[in-house]
Amino acid sequence: MRLWKSWIVTKKDLSVFRKNKYVLYSLIAMPIILGVVLPVIFIFALNAQISSVQLTHDQLFAAVNQIVGLATMYFVLIPAILPSIIASYSFVGEKIEKSLEPLLATPTTDGELLLGKSLAAFIPCMAVTYIGAAISAIIIDFWSYTTPQIGTFLIPNPYWLLVIGVIAPLACIMSVEANIIVSSKVNDIRAAQQLGGLIVLPLVFVVIFASTSAQISTLLAIGVSAALAVADIALFYLSKATFQREEILTKWK
Amino acid sequence: MIDTKNLTRKFGNLTAVDNVTLHVEKGEVFGFLGPNGAGKTTTVRMLCCLIGKTSGEAKIGDYTIDNENDCLKIRKMVGFLPENVGLYDSLSAYRNLDFYGQLYEVPENKRRENIERLLTLLGIWERREDAVGTFSKGTKQKIAIARALIHDPQVLFLDEPTANLDPEAAKTVRDFILELKKEKRTIFLNTHNLDEAERLCDRIAILKTKLIAVDSPKNLERSLYNRKTIVHLDNVSSLVVAAVQKLNAVKNLRTSDNKLILNIDDPEKDNPEVVRVIVQAGGNIQYVTELRSTLEDVYLKLIREASAQ
């Protein structure tokens, strides 16, 4: 497989996505809502509690841990959900523009094409995830450091690092591959997104389980991450096996 | 350059292409004529390695369409213009061509040079940075042709290149194909525009699932009826008729009003003799014309016969 060929496809797809307002707004909106707005609301709620009710040290740290846990969880859900929006465009978008036939006529292999399309969905999803996670971490840390009862930085911690650094990208790859399989099988974006949404649901449970395991034990989290990585590789090969140029070309509506 | 032997493609129980055997010479413009659903696009897709065959053989140059490695080489050496232009509307004309140039592995300098040359030739260079979505259908078609040529392919497959274009845009595209013909590229032209096929192609194949006929446009036109010479006179006298009937070259003679209608095997050779004999017999010739069938007559006859079978 020639990675530079895949990268050409990735760059083109990223250029197309950049010009698509729907994709852009979707990419920006979810991290802002889940990663920034919700933690701010929780912080305000907790601040109100701190000022009105005398919380014990344990109660306070339990509440703080909940906020950090939720904020971390959101940033593993975001890369699992976002690909249903962006990856559904990868092949269906080409079908709509009728650009898949000339693309398939180029000396590019199925693997190169699929990897290029996968990267084009993975990169923006992970980019907004990390930007959102960084902003969220800054907000939470600023609050925790300036709150006298806490007075310390809460993020990054080992749990946050494992989830954001390992589980989130693995979840994203899984979602991207699943959505690309769907996208290469259907003919319109809505169907791709609806089916993609359905696929994401079980994925969300997997991701929640993986994140929870990270809270329970590091060893368990490593095991779950390895399982996710194996599943990602299997999904890539499955997408390659199910990607039939002929079916895509002859079953266009 | 292009060879097929009993090339067949079935979709379930439906046979889209049935035992097509043809040979296209290097530098030839080969027209592929047929009604909708005749199997033209399926044939081109098989030859471009976009879909597989059910049976038979096909080669482009030295490469067979069966083998995955050969397919990559075939895709690299052919340019393909599909029926739908399939450009990225949100990207500029330049970016569209640059993307395909990269996929066809054209070095950067050559790519830039080719894009400039092609867009200038097609009169779009000034608008190279405009989004393709802002262009007319005709201009998009020109860009799609430029895309098919971005890697200087030896073989060019054009699927209905002037379909849905206004007459002016269609003429521009046809003129461009004529320019490519001068460059001695092998061009495989799918069309149901008979006039276009006649003007552009060295040879034409008529397809309706099976290959019905392959020949030059002239020979196809002649194949329907024998060539007839019509001599218009101010008056057809019995002396003139008798004199013409004596000629060995004249196979069949009949009169209609003031016209003599003659069947002659080799009109270019024998018509001067016919004219001389008529004048000697006192005939006063107004003009001499040839009655020949058009490509449309031949096409319709062959397609109807194929449909009736």
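Things worth noting here:
- Considering the range B:36-58, and only residues there that are away from chain A (no Cβ under 14 Å) and not in a loop (DSSP other than H, G, I, E, B), the residue that is surrounded by the most Cβ atoms within 10 Å (Cβ to Cβ) turns out to be B:40.
- The single residue among B:197, B:169, B:144 that is in contact with a Lys or Arg (Cβ under 8 Å, 6 or more places away or on another chain) and part of a helix (DSSP H, G or I) turns out to be B:169.
- For residue A:127, the conditions (1) open to solvent by 10 Å² or more (accessible area, probe 1.4 Å); (2) farther than 30 Å from residue A:48 by Cα; (3) in contact (Cβ under 8 Å) with a residue 24 or more places away in the chain all hold with the exception of (3).
- Selection status of residue B:180, assigned by TED's automatic domain parsing to the domain that holds residue B:267, at pLDDT 85 or above and touching a strand residue (DSSP E or B) at 6+ places or on another chain (Cβ under 8 Å): no
- Residue within the range A:121-128 that is under 20 Å from the mean Cα position of the chain (by Cα) and within 14 Å of chain B (Cβ to nearest Cβ) present: no
Residues are listed down the side, and each one gets a yes or a no for (1) away from chain B (no Cβ under 14 Å); (2) in contact with a Cys (Cβ under 9 Å, 6 or more places away or on another chain); (3) among the aromatic types (Phe, Trp, Tyr):
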position: A:16; (1), (2), (3): no, no, no
position: A:40; (1), (2), (3): yes, no, no
position: A:50; (1), (2), (3): yes, no, no
position: A:55; (1), (2), (3): yes, no, no
position: A:70; (1), (2), (3): yes, no, no
position: A:74; (1), (2), (3): yes, no, yes
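Yes or no, residue by residue, for (1) more than 26 Å from residue A:46 (Cβ to Cβ); (2) open to solvent by 40 Å² or more (accessible area, probe 1.4 Å); (3) in a helix (DSSP H, G or I); (4) touching a residue at least 60 places away in the same chain (Cβ under 8 Å):
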{"site": "A:184", "(1), (2), (3), (4)": "yes, no, yes, yes"}
{"site": "A:190", "(1), (2), (3), (4)": "yes, yes, yes, no"}
{"site": "A:200", "(1), (2), (3), (4)": "yes, no, yes, yes"}
{"site": "A:204", "(1), (2), (3), (4)": "no, no, yes, yes"}
{"site": "A:209", "(1), (2), (3), (4)": "yes, yes, yes, no"}
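- Screening residue B:33 against (1) more than 13 Å from chain A (Cβ to nearest Cβ); (2) free of Cβ contacts under 8 Å to residues at least 40 places away in the same chain leaves a single unmet condition, (2).
- Restricting B:210, B:218 to those that are open to solvent by 10 Å² or more (accessible area, probe 1.4 Å) and over 19 Å from residue B:43 (Cβ atoms) reduces the list to B:218.
- Test: residue in the range B:220-232 that is touching a residue at least 60 places away in the same chain (Cβ under 8 Å) and assigned to a loop (DSSP other than H, G, I, E, B): yes
The values are calculated or read from the model by the stated rules, or taken from the named source; none is laboratory data. Quick caveat: nothing in here was measured; it's all calculated off a predicted structure. Please note: Cβ atoms are built from the backbone with ideal geometry, for glycine as well, and neighbour counts cover all protein chains shown. Quick note on the areas: whole protein, heavy atoms, side chains included, nothing else; ligands and nucleic acids left out. Shrake-Rupley method; radii C 1.70, N 1.55, O 1.52, S 1.80 Å.
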